[in-house]
Amino acid sequence: MRSFLSFLLLLALAPMAVAQSLSGRVTDTNGAPLPGVNVAVPALERGTATDADGRYRLGNLPTGPLTVVFSAVGYERIEQAVTVSGEVLLDVVLTEVIEELDVVTVREDRVQEALGRAPQSIAVLEAEDLDAVRGQTLGETLERLPGVTTLATGPSIQKPVIRGLHSDRVIVVNKGVPQEGQQWGAEHAPEIDPFSGARIEVVRGAAGVEYGAGAIGGVVRIEDEALPRTPGWGGQVSASTFSNSRQAAGSVELEGSPAAVPGLGVRVQGSLRRAGDARTPDYVLGNTAFFERSAEVALGYALGALDLEAHASHFGTDLGVYRGAHFNTFAALESVFEAGRPPVEYDFGYDIGAPKQDIVHDIIALRGRLDLGRGASADVQYAVQRNRRQEFDADRIGGRDPLERAAFDLILLTQTLDAKVQTRPTRLLGGDVFSTVGLHGMTQGNRSEIGYLIPNFRSYDGGVWARATWARGPLTVETGARLDSRWLRAFPRESGERGDFVETTRTWTGASGALGAIWQFTESWSVGANASAAWRPPSVNELYSFGIHHGTAQFEVGDGSLGTERSLGLDATLRHQSRRVAFEASAYATRIADYIYLDPQSEIVVTVRGVFPEFRHRQTDARLLGFDGALDVVVGGGLSLGLTAAAVRGTDTSRDEPLLAMPADRLGLTATYALPSLGAFSTPQVEVGATLVREQDQFPIRLDAEGDAVALDYVAPPGGYALLSAGLSGELRLGATPVRLSLDIENILNTRYRDYLSRYRYFAHDPGRNVVLRVQVPLGSS
């Protein structure tokens with residue numbers, strides 16, 4: 001470890017100036033940095049690529065005139081003549097262009113070249129991809145990516161599962177702020193506005209170097225476009241309707257820069273979603289309505305080398321919890337397990353009754369960046385988050401209406417401070433080196449206003465990290481290391497729900513590291529590999545929870561003796577990108593020592609609030625093996641085909657049996673056909689798709705009272721299923737205004753199915769057919 005850290009320190013402290021060099025920054029017309037832009041000097045047969053901040057550097061150049069070429073997929077190519085003498089600075093602005101192949105507009109990631117130089121497996125959803133699913137949850141949005149599934153608790157709660165891992169093992173970064181909102185719960189979905197964000201990036205696999213303890217499974221980064229800096233105002237109105245729950249959703253975004261205040265950028269957005277009860281092919285899922293509202297404001301000001309931003313957001317939702325998952329007697333619960341459908345028929349409605357959840361999440365973030373010149377910069381960010389979660393009981397206790405008082409009321413306050421410095425690009429061993437070092441601090445406090453599920457606690461986190469990238473010709477090597485520490489003081493009850501409160505303190509320290517490389521062995525093919533080590537301390541609920549978790553309809557018990565999870569991972573990715581074919585396939589292996597999981601107990605807990613399956617937090621050693629991949633082909637004549645595939649095998653190596661709740665194998669197929677324009681309706685296209693999910697046959701078993709083998713979690717996994725979908729989209733020009741329209745039909749055949757990762761699969765089927773209409777109207781000229 002000392003040698004590894006010494007190597008990183010050498011990279012960070014390497015000489016900052018080299019004679020006869022060319023460096024600068026590449027941005028788009030809005031001033032946003034462009035990563036992965038090819039920067040080449042044809043006469044010297046030399047080149048490099050811009051980093052994540054759009055910066056580049058070419059060293060050891062000969063004195064005299066040279067021609068430098070800047071190129072990137074989706075942007076105009078620029079040739080710039082320069083005269084090299086000493087250190088030359090050259091900033092370039094690239095203009096976006098649209099390229100068409102056989103009538104079909106081929107969607108190519110703006111950062112395709114950057115992804116081609118990333119050893120890790122990374123998937124990106126750009127604005128066009130996000131527009132096609134606006135109004136859906138974050139989990140539903142990410143499902144189209146290979147290796148990503150969802151853990152669902154009813155139709156309104158979906159959280160992302162990356163390669164079999166979720167919750168505290170996946171970090172969600174919302175506009176630069178790691179989201180902290182009681183994410184330990186299986187039904188605690190990220191509090192994210194589904195209309196927010198212009199780009200989502202998913203890192204599949206451990207990413208603990210930059211994001212710290214907890215990023216064992218991966219990272220989801222939600223990013224906005226850069227704030228406008230040129231005078232003008234514009235925006236967009238988006239609206240969606242969903243037939244299944246009769247949901248209506250809408251959003252208004254305005255942004256611009258006033259001519260009177262040069263350098264000032266403003267963005268304001270507000271969104272609403274309201275839905276009634278969802279419906280399966282045969283019956284209504286009673287009390288699954290929800291009402292959601294979001295708002296955010298962002299301000300930015302550029303003053304020379306200094307760029308300042310402030311961001312504030314509010315998210316609130318009231319959502320019903322499926323009433324058919326709560327029972328007053330063991331016989332009623334057992335009968336539902338056996339019958340496979342609810343014993344009560346519900347009528348459709350928009351009312352939200354008990355049980356339900358009320359959630360509010362607020363964020364305020366302040367950030368600044370100082371351009372230090374010659375490719376160096378310094379960033380600092382302070383953020384404060386307040387999350388309040390109230391969960392209401394299903395039944396009257398003591399004759400009181402359950403909606404009068406929450407069963408538990410948790411308030412989580414989080415403050416974070418992050419700083420990082422990117423050093424000037426240097427030369428080492430004939431290649432270009434980009435280095436970044438950073439610091440992280442966090443304080444967190446949880447207060448329980450009512451009830452008891454997890455205790456009050458206070459925690460403090462601190463971390464230091466360094467990362468470096470070395471690039472020479474077709475070879476790029478990335479490495480990094482991080483050290484984190486967490487101190488926790490909690491006040492759990494001494495014995496379950498009724499004991500006295502006792503003060504306990506715990507401290508954890510751990511290191512994360514990564515080493516990866518990618519080799520572009522031809523113009524269109526590359527192969528990358530990455531090795532990583534990550535860790536996470538047990539969360540408070542895993543240590544000390546005790547009680548009914550109403551959202552999941554289960555009784556949870558923590559274990560105060562749990563230790564640290566530690567993972568070692570390897571993954572390899574093969575990529576191909578050409579004008580007609582895009583291909584990526586990844587294979588991975590992860591070992592997690594002291595893997596923490598919820599273990600279903602054979603006993604059912606009987607309480608005054610009803611009967612609930614009991615789950616206890618345990619530890620074991622685990623191994624995850626899998627692959628995921630995607631293929632897109634432009635066939636020609638307006639036809640494009642797509643395929644995604646993913647499979648993961650989780651094993652409890654201590655017991656030599658499958659892990660519980662691993663995603664089933666799945667395959668996605670799509671065919672898109674571009675139609676001729678019809679008058680004012682331009683760029684129309686039709687898409688049909690199929691999702692094929694195999695029955696999960698890898699699950700742990702136990703012996704029942706009669707000695708028969710049964711599923712460990714009460715009910716055997718449901719059968720596999722196939723869902724068909726279709727959609728039509730295009731642009732309708734009303735005068736000078738282009739209106740984007742799409743009509744999609746999900747689950748066309750109204751197939752009856754249950755997904756293995758649905759928390760309600762014990763009680764009900766998943767929702768049936770859904771017809772979705774989306775409309776997007778631009779505003780202004782910006």
- prompt: Given only helices, namely DSSP H runs of n ≥ 4 each adding -39500 (n - 2.57), what is the per-residue ellipticity at 222 nm of the chain, to the nearest 500 deg cm²/dmol?
  reply: -1500 deg cm²/dmol
query: Using alpha-carbon positions, what is the distance between the centroids of region 712-782 and region 585-651, in Å?
result: 22 Å
task: Give the Debye-formula value of log10 I(q)/I(0) at each listed q (0.11, 0.15, 0.22 Å⁻¹), with one equal scatterer per alpha carbon of region 407-533, two decimals each.
output: -0.61, -0.83, -1.23
Equivalent ellipsoid semi-axes, region 178-258, via Cα gyration tensor eigenvalues times 5, rooted, Å: 29, 22, 10
- prompt: region 280-320 to region 258-277: how many Å between their Cα centroids?
  reply: 11 Å
task: Using only Cα atoms, tell me the angle between helix 330-339 and the longest principal axis of the chain; keep it within 0 to 90° and round to the nearest 10.
output: 60 degrees
- prompt: Taking the Cα atoms only, what angle lies between the long axis of helix 2-12 and the longest principal axis of the chain, rounded to 10 degrees?
  reply: 50 degrees
Separation of alpha-carbon centers, region 680-699 and region 356-376, rounded to whole Å: 35 Å
message: Which of the three applies to region 609-656, rounded, prolate or oblate, going by the alpha-carbon gyration tensor with a ≥ b ≥ c and a/c under 1.5 meaning rounded?
response: oblate
message: To the nearest 20 Debye, how big is the dipole of the chain about its Cα centre, given +1 on the beta carbon of each Lys and Arg and -1 on that of each Asp and Glu?
response: 1360 debye
- prompt: Among residues other than Ala511 whose Cβ falls under 10 Å from its Cβ, what is the net charge (Lys/Arg +1, Asp/Glu -1)?
  reply: +1
- prompt: What does the charge count near His617 come to, summing +1 for each Lys or Arg and -1 for each Asp or Glu among other residues with Cβ under 9 Å from its Cβ?
  reply: -2
- prompt: For the charge dipole of the chain, defined by +1 on Lys and Arg C-beta atoms and -1 on Asp and Glu C-beta atoms about the Cα centroid, which residue among Ser196, Ala278, Thr426 has the Cα displaced farthest towards the positive pole?
  reply: Thr426
field: Potential extension, Thr653-Glu523 segment - 0.36 nm per residue separation minus Cα distance
entry: 42.6 nm
- request: Determine the shape class of region 577-659: with a ≥ b ≥ c the square roots of the Cα gyration tensor eigenvalues, call it rounded for a/c under 1.5, and otherwise prolate if a/b is greater than b/c, oblate otherwise.
  value: oblate
- request: Work from the charge dipole of the chain (Cβ charges, +1 for Lys and Arg, -1 for Asp and Glu, about the Cα centre) and give the residue of Thr653, Phe583, Ala312 farthest towards its positive end.
  value: Ala312
- line: Largest-first ranking of Leu543, Leu734 by accessible area, probe 1.4 Å, whole protein assembly kept, is Leu734, Leu543
query: Considering the dipole of region 630-709 built from charges on the beta carbon (Lys and Arg +1, Asp and Glu -1) around the Cα centre, which of Met662, Leu678, Leu639 is farthest to its positive end?
result: Leu678
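For the chain, what is the accessible area per residue in Å², given a 1.4 Å probe and the full set of protein chains? Before the final figure, lay out each step's value.
On the way: 32060 Å² over 782 residues.
With the other protein chains kept in place, the chain gives 41 Å² per residue.
What's the carbon and sulfur percent of the chain's accessible surface, probe 1.4 angstrom, rounded to a whole number? If you can, show how the numbers build up before the last one.
On the way: 18250 of 32060 Å².
Answer for the chain is 57 percent, counting heavy atoms of protein chains only.
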- prompt: In what sequence, highest mean first, do 225-232, 281-288 appear when ranked by Cβ atoms within 10 angstrom?
  reply: 281-288, 225-232
- line: Per its Cα gyration tensor (rounded if a/c is under 1.5, else prolate when a/b beats b/c, else oblate), the chain is best filed as prolate
- prompt: Expressed as cubic angstrom per residue, what is the convex hull volume of the alpha carbon set of region 652-770?
  reply: 140 Å³
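What net charge is computed for the residues neighbouring Ile200, neighbours being all others with C-beta under 9 Å from the C-beta of Ile200, Lys and Arg scored +1, Asp and Glu -1?
Numbers: positive: Arg199, Arg221; negative: Glu126, Asp129, Glu201, Glu223.
In short, -2.
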query: What's log10 of I(q)/I(0) for region 33-83 at q = 0.14, 0.23, 0.32 Å⁻¹, Debye sum over Cα points only, no solvent?
result: -0.34, -0.88, -1.33
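The values are calculated or read from the model by the stated rules, or taken from the named source; none is laboratory data. Keep in mind it's a predicted model, so treat the numbers as computed, not measured. A quick note on method: Cβ atoms are made from the backbone with ideal geometry, for glycine too, and the neighbour counts reach across all protein chains shown. Accessible surface areas use protein heavy atoms only, side chains included; no ligands, DNA or RNA. Shrake-Rupley method; radii C 1.70, N 1.55, O 1.52, S 1.80 Å.
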